[in-house]
Every structure is written in structure tokens, then in C-alpha cells.
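Participant: Before I ask anything, let me first share the structure, which is written out below as C-alpha cells.
The values are calculated or read from the model by the stated rules, or taken from the named source; none is laboratory data. Just so it is clear, the structure is predicted and the values come from calculations on it, not from any experiment. Neighbour counts run over all protein chains shown; Cβ positions are idealised from the backbone, glycine included.
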Amino acid sequence: MDKLFKLKENKTTVRIEIVAGLTTFMTMAYIIALNPNLLTGFGAEGQDLWNGVFLATCIASAIGTLCMAFLANKPFAMAPGMGLNSFFAAVTANIAVITGMSYLQSFQSALVMILIEGVVFLILSIFNVREKIVKAIPLGVRMGIGPAIGLMLMNIGFGSNAGIYSETGGPFYAMRDFFGALTSGFAKESMGSGFQPMVLSVVTMFVGLFVIVALSHKKVKGAVLIGMIIASIVYWAGQSIFLNTNPFASLATASFLPPFADMAKTTLFKLDFAGFAQIGWFTIITLVITFCIIDMFDTIGTLVGTAERAGMLDKEGNMPKMREALASDAVGTVVGSVTGTSTVTTFIESASGVEAGGRTGLTSVVTAIMFLLCMFIAPVAAIIPPAATSSALIYVGILMLSNLKHIDWTDISQVLPVAIMLLAMPVSGSIGHGIGLALISYTVIKLCMGKSKEVSVLTYILSLIFIIKFFLPL
């Protein structure tokens, strides 16, 4: 074990690494239920697809994390990236509307884009191009993407992730229909029998959020997971007491065997190249570039930031085996595409394992094993209420706002693009549109200031691509 992971060299032990791996898993385990919820409209697209994405989440996370362990020997875990999964779901829904496909066919067509992204990233990682591309993007825009995605996630968590139907219509959403109403009486009248479930959802959401924040403040390991569990208990109790429904009824006939049959039917190697061709090549190129840009910023930022906390950077601020770490991310994404989930990326929650003492790939091996074991609890994950996962979504969104401290607020060429991006993403619901508007505004303002030479060639190219995207019918 020491020879494989160099434990003594990294001043750690098997026990410390196991504890660190469990800690990392506890802090990111919410993704197991949240990812299939997001990618299937919180179960609206059918249980078969939910099961397929659930298994894909476990498998792709485990394989990507194992690659990180054995290729890079780093204590970092992977899973379908937050923000990227929301973007994928939005893209899938838009493809269905534009082409007339079913959501499942649109989903299978969109997976082809994830495969392309993974292959491109694998090639770029091998030739060490990804870091050079990131350095060519304006720093302000780079730093603003995370916070903008965070605001979009908060908007989804607060506003549109737990739609409720009733005899008066629907779906009704917390931010729009509950908080948007001037009085509770008006909300109750407009939602009819959906009012009580809405109140329960709102209470659940805030209980979970406050528990997560309180536990995180006290540095409790697994604060996000514990918060989700407590929120779920509140919701289940409310269902039993106030709504007179049994929240565990589905477990009576559920199978705890991994739903491989559902996965084989919906997502496993179900790449729809024919449907993919119907999307339109220019749209495809734009979307793939957008996925690549977001993933690059997310992964490299997470790797460098977490490695710095662990003292893994050299004197020049570089992380040893960065290329192998980025290649692991690419492999995870390829596996995700053929099993049925969106882009796999390094999770910032890996920092919790680092804080617990994790310093080698053994930490990642433990986390990967936990993801594989989770394949046997699909029915349990399925009864976690959307309102509980909202708590995690909102909390992750809040954490993503922290990068705003790196923005130079005295430089209008940074402030304007970031401000536009912060507004555009949650309002439009599109990460790609937010980034595009930021790049365009950055390029234009630099030209107006007579500083055209400060804009990289790549930024000019990306700005032009987004201008064409916005103004040409695709």
C-alpha cells in the first residue's frame, strides 16, 4: 500500500486516508440523488430514466475518482459537476422543443456532446493544452463564471425545482407562486390543494439550508448530507401528519438490486447520433465549446485551490501531475457520456477530505468504493424529496459566490462583464448565454478603451462565435 500510494512520503497513514475518503464521500453524497433529479426534471421524465442516470452517476463518479487515484495519486473525488448538470438539462429540454424529439431521445442526443467534450479534453490534457487555453481567457470572466453559476443554482433551488400541481393548475414554484404572492391568502387561493405541499416544501427547504449552514460553521463532517437527511425527515413527517400520505409506500415493492435493466434501456451506450445531427452543427459547436469552457474553469480552479490547501503546489504554484489529474477528469466525462450523465468534474468538496488529512490516491479509492456501494440504494435515494435536495443546491450556489472576492472592482473592464454574467445566467437560465454576453462585453469595452491588444485571439474568436449564435437563427 505504501509503495503504491507513497503514504510515508506524503506523511500519512492508511487509517487517515480511509477517514479522509469517507469524509469526502459524506460531503458530496448529495450528488447521488440531486444529479438524477436535475437531469430528469425531478423524476418528471420517468422512473426508468431516473434509475439510469442514478447508476450512471455512481459508476462515472467511481471510475473518474479511481483514475485520479491511480494516475495522479491525488486525494480528489469526481462526480457530475453542479451547474454543468443544470446546463445539460436545459440544453436537453431546448433540443426537445426545437427538434420535436421526446425528452429521452433528446437526452440521448445530448450525451453525444458530452462524449465529444470528454474525448477533446482527453486529447488536450495529454498534450497539456487545457492550461494554456484557460490562461488565454480574461481573468475577470474566469473568476465570474463560478459565482454566476452559483446564482443560477440558487435561483433553481429557491424557485423552480419543486413544482407542485393541483386542481387549479401548475406547476407552482416556491419563489414565483409562494413568495411571489403578496399575501398567504392569495397564494392559498391560487394554488388550491397545492398550498399545503408548497408550505411543507418551503419549510423543508429552509430547515435543510439552515442545518447545513450551522453544521458547516461548526466544521461538522458531512454537513450537506446531514442537512439533507434532516430536511427529508421533516418532509416525511409533514407528509404523514398534514398530508395523510405514506412517504415510504414505494419501498414496499421496491427492489434493492441495481436497476441495470432500466439503465440498459435508457442510457447505457444509448448515444443517439442521428438525433445529434438534427441539432445543427453550429449549435453543436457552440454548446461543446461552452461545456468545455465551464468544465475547464471548474476543474483547474478546484484542483489548484484544493492542492494549495494541502500544500501540494511547488514553488512556481504548479501542481505535480496536473496533466494526469486533468486526464482523469476527461476519462470520467467519457464514462459519464456512455453510461448516461453529464460532464464529470473534480468536486470542491474534496477539500473536506484534504482537511481530514487525505494526501494520496488512497483517499480517492475509498470515496470511489462508496460510490459503487451506493448502486444498491436506488429506491432510498428516489424518496428523497426535491425540497431536501434544494437545500444542498442553494448551499452549493452560495459557496460558488466566493470567487467574487477575486474580481478587481475598480476595473470596469472586469466589473461590466461579470455584472452582466451574474444577471444573465439566472434570468436566462443559460450558462452559455451568460458566458457569451460576458466575453462579448469584455471585448467591446476593451476596444472602446483602445486596449485591443489586451484581448487574446481566443477571446476574439469566442466572442464572434457567440455574436453569430445570438443573432443568427439556429
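Participant: For the range 343-359, enumerate the residues that are hydrophobic (A, V, I, L, M, F, W, C) and in contact (Cβ under 8 Å) with a residue 60 or more places away in the chain.
Facilitator: 344, 347, 354, 356
Participant: Please state which of the following conditions residue 430 fails to meet, knowing it meets all the rest: (1) under 18 Å from the mean Cα position of the chain (by Cα); (2) under 25 Å from residue 258 (Cα atoms).
Facilitator: Condition not satisfied by residue 430: (2).
Participant: Against the conditions (1) loosely packed, with under 15 Cβ neighbours inside 10 Å; (2) farther than 22 Å from residue 45 by Cβ; (3) out of contact with any helix residue (DSSP H, G or I) (no Cβ under 6 Å at 6 or more places or on another chain), where does residue 245 fall short? Just the number, please.
Facilitator: Going through the list (1) loosely packed, with under 15 Cβ neighbours inside 10 Å; (2) farther than 22 Å from residue 45 by Cβ; (3) out of contact with any helix residue (DSSP H, G or I) (no Cβ under 6 Å at 6 or more places or on another chain), residue 245 breaks only (3).
Participant: Condition (residue is assigned to a helix (DSSP H, G or I), at pLDDT below 90 and of a type outside the set (A, V, I, L, M)) applied to the range 254-271: is it met by at least one residue?
Facilitator: Scanning the range 254-271 turns up no residue that is assigned to a helix (DSSP H, G or I), at pLDDT below 90 and of a type outside the set (A, V, I, L, M).
Participant: Do you know which residues across the range 421-448 are free of Cβ contacts under 8 Å to residues at least 24 places away in the same chain and crowded, with 21+ Cβ neighbours inside 10 Å?
Facilitator: Correct list: 443 only.
Participant: Residues that are in contact (Cβ under 8 Å) with a residue 12 or more places away in the chain and in contact with an Asp or Glu (Cβ under 8 Å, 6 or more places away or on another chain): find the helices (runs of 4 or more DSSP H) completely inside the range 104-214 holding 2 or more of those.
Facilitator: 139-155, 184-191
Participant: Exactly one of (1) free of Cβ contacts under 8 Å to residues at least 40 places away in the same chain; (2) of a type in the set (S, T, N, Q); (3) in contact with a strand residue (DSSP E or B) (Cβ under 9 Å, 6 or more places away or on another chain) is unmet by residue 239. Its number?
Facilitator: All conditions pass for residue 239, except number (3).
Participant: Please work out if residue 75 is at negative phi and buried (at least 24 other Cβ atoms within 10 Å of the Cβ).
Facilitator: Here the answer is yes, as residue 75 does meet what is asked.
Participant: Could you grab me the full set of residues in the range 151-209 that are modelled with pLDDT of 75 or more, more than 21 Å from the chain's Cα centre (by Cα) and polar (S, T, N, Q)?
Facilitator: Hits for the range 151-209 are 166, 168, 190, 193, 196, 201, 204.
Participant: Note down all Cβ pairs under 6 Å where the first residue falls in the range 32-46 and is within 12 Å of residue 382 (Cα to Cα), the second is part of a loop (DSSP other than H, G, I, E, B), and they're at least six residues apart or on different chains.
Facilitator: From residues that are within 12 Å of residue 382 (Cα to Cα), the pairs are 33/384.
Participant: Kindly indicate the residue of the range 90-105 that is surrounded by 24 or more Cβ atoms within 10 Å (Cβ to Cβ) and of a type in the set (A, V, I, L, M) and also farthest from residue 363 (Cα to Cα) among those meeting that condition.
Facilitator: Ranking the qualifying residues of the range 90-105, first place goes to 95.
Participant: Of the conditions (1) out of contact with any helix residue (DSSP H, G or I) (no Cβ under 7 Å at 6 or more places or on another chain); (2) surrounded by fewer than 14 Cβ atoms within 10 Å (Cβ to Cβ); (3) within 28 Å of residue 78 (Cα to Cα), residue 256 clears all except one; give me its number.
Facilitator: Failing condition for residue 256: (1).
Participant: Quick check on residue 412: is it touching a residue at least 24 places away in the same chain (Cβ under 8 Å), of a type outside the set (S, T, N, Q) and in the same structural domain as residue 150 (by TED's automatic domain parsing)? Walk me through how you get there before you give the answer.
Facilitator: Details: touching a residue at least 24 places away in the same chain (Cβ under 8 Å): yes; of a type outside the set (S, T, N, Q): yes; in the same structural domain as residue 150 (by TED's automatic domain parsing): no.
No, not satisfied.
Participant: Give just the number: which of (1) surrounded by fewer than 18 Cβ atoms within 10 Å (Cβ to Cβ); (2) assigned to a helix (DSSP H, G or I) does residue 409 not satisfy?
Facilitator: (2)
Participant: Given (1) over 30 Å from residue 361 (Cβ atoms); (2) surrounded by 24 or more Cβ atoms within 10 Å (Cβ to Cβ), where does residue 56 come up short, assuming only one miss?
Facilitator: All conditions pass for residue 56, except number (1).
Participant: Is it the case that residue 79 is assigned by TED's automatic domain parsing to the domain that holds residue 270 and within 13 Å of residue 36 (Cα to Cα)?
Facilitator: yes
Participant: I've got another one for you. Considering only residues that are over 18 Å from the mean Cα position of the chain (by Cα) and crowded, with 24+ Cβ neighbours inside 10 Å, look in the range 375-406 and name the one that is modelled with the highest pLDDT.
Facilitator: Step by step, filter the range 375-406, then rank; the result is 385.
Participant: A further question on this structure: Would you be able to tell me the number of residues in the range 220-231 that are over 21 Å from the mean Cα position of the chain (by Cα) and either in contact (Cβ under 8 Å) with a residue 12 or more places away in the chain or in a helix (DSSP H, G or I) (or both)?
Facilitator: Qualifying residue count, the range 220-231: 1.
Participant: Any chance you could count how many residues in the range 237-270 are hydroxyl-bearing (Ser, Thr, Tyr) and more than 27 Å from residue 335 (Cα to Cα)?
Facilitator: Total meeting the criteria: 4.
Participant: In this structure, does residue 290 turn out to be among the polar types (S, T, N, Q) and modelled with pLDDT under 90?
Facilitator: It is true that residue 290 is among the polar types (S, T, N, Q) and modelled with pLDDT under 90.
Participant: Listed residues 364, 391, 352; which is part of a helix (DSSP H, G or I) and in contact with a Leu (Cβ under 6 Å, 6 or more places away or on another chain)? Before you say what the answer is, go through the steps one by one.
Facilitator: Details: 364 fails: in contact with a Leu (Cβ under 6 Å, 6 or more places away or on another chain); 352 fails: in contact with a Leu (Cβ under 6 Å, 6 or more places away or on another chain).
After ruling out the rest, the residue left standing is 391.
Participant: Mind checking which residues of the range 240-251 are under 21 Å from residue 390 (Cα atoms) and within 29 Å of the chain's Cα centre (by Cα)?
Facilitator: Once the filter is applied, which keeps residues that are under 21 Å from residue 390 (Cα atoms) and within 29 Å of the chain's Cα centre (by Cα), the range 240-251 yields 247, 248.
Participant: Do we find a residue being surrounded by fewer than 21 Cβ atoms within 10 Å (Cβ to Cβ), at positive phi, touching a residue at least 12 places away in the same chain (Cβ under 8 Å) and not in a helix (DSSP H, G or I) anywhere in the range 5-19?
Facilitator: Yes: the range 5-19 contains one or more residues that are surrounded by fewer than 21 Cβ atoms within 10 Å (Cβ to Cβ), at positive phi, touching a residue at least 12 places away in the same chain (Cβ under 8 Å) and not in a helix (DSSP H, G or I).
Participant: Here's a follow-up. Tell me which residues, restricted to the range 307-364, are at pLDDT 80 or above, surrounded by fewer than 24 Cβ atoms within 10 Å (Cβ to Cβ) and of a type in the set (Asp, Glu).
Facilitator: Of everything in the range 307-364, just one residue is at pLDDT 80 or above, surrounded by fewer than 24 Cβ atoms within 10 Å (Cβ to Cβ) and of a type in the set (Asp, Glu), namely 324.
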